[in-house]
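S.K.: This is the structure I have questions about; it appears just below.
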Amino acid sequence: MEDNILVCENITENVIDIKISQAYRENMTELELYEATRGYWKIDVKRAEKADYVFCVYKGIIKEVYKIKEWLPAGTIPRSTLPDAETPADRYEFVGEVAKEAIRSKYIEKSIANLYRKGEANPIKYFYTKL
């Protein structure tokens, strides 16, 4: 196994992986990346509340890891970098912070592309190791 490719057994925290394929661009600020990641998702909020972290993923590579504080109905907290973004009904956003360095260094820039099924379109994937 290559050092930069994760398998399920490497993920030892309860995590929600969020793909931000369309919102991502190189050289985003920390705030832009956070707001693109936390932003309006169609999720099972009861299931999401069991996760401790969110992986921000672009093209199968983990770009950042956030510690989740809470999930709220979409649009509860304005996103300053996306002020004109529509707030769809029945969506949620998380409030969090960049994870501690021990967690970040374990996952950032690692590939999880191998954990997706071919053609899988849902931007949300759950990895629960302990509940």
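S.K.: State whether the residues of the stretch 38-46 include one that is over 13 Å from the mean Cα position of the chain (by Cα), assigned to a helix (DSSP H, G or I) and modelled with pLDDT under 95.
M.R.: Yes, the conditions are met somewhere in the stretch 38-46.
S.K.: What number of residues within the stretch 110-131 are within 24 Å of Lys50 (Cβ to Cβ) and surrounded by 14 or more Cβ atoms within 10 Å (Cβ to Cβ)?
M.R.: Of the residues in that region, 10 qualify.
S.K.: What number of residues in the stretch 80-97 are in a loop (DSSP other than H, G, I, E, B) and in contact with a Leu (Cβ under 9 Å, 6 or more places away or on another chain)?
M.R.: Residues meeting the conditions: 2.
S.K.: May I ask you to verify whether Lys69 is out of contact with any helix residue (DSSP H, G or I) (no Cβ under 7 Å at 6 or more places or on another chain), touching a residue at least 24 places away in the same chain (Cβ under 8 Å), part of a strand (DSSP E or B) and not hydrophobic (A, V, I, L, M, F, W, C)?
M.R.: So Lys69 passes the test.
S.K.: Among the residues of the stretch 90-109, are any of a type in the set (Lys, Arg), surrounded by fewer than 16 Cβ atoms within 10 Å (Cβ to Cβ) and without any contact (Cβ under 8 Å) to a residue 24 or more places away in the chain?
M.R.: no
S.K.: Can you pull out the residues in the stretch 72-131 that are closer than 18 Å to Tyr34 by Cα and among the acidic types (Asp, Glu)?
M.R.: Within the stretch 72-131, Asp84, Glu86, Glu93, Glu97, Glu101, Glu109 qualify.
The values are calculated or read from the model by the stated rules, or taken from the named source; none is laboratory data. All of these numbers come straight from a predicted model, not from anything done at the bench. Heads up, the Cβs are rebuilt from the backbone with ideal geometry, glycines too, and the neighbour counts pull from every protein chain shown.
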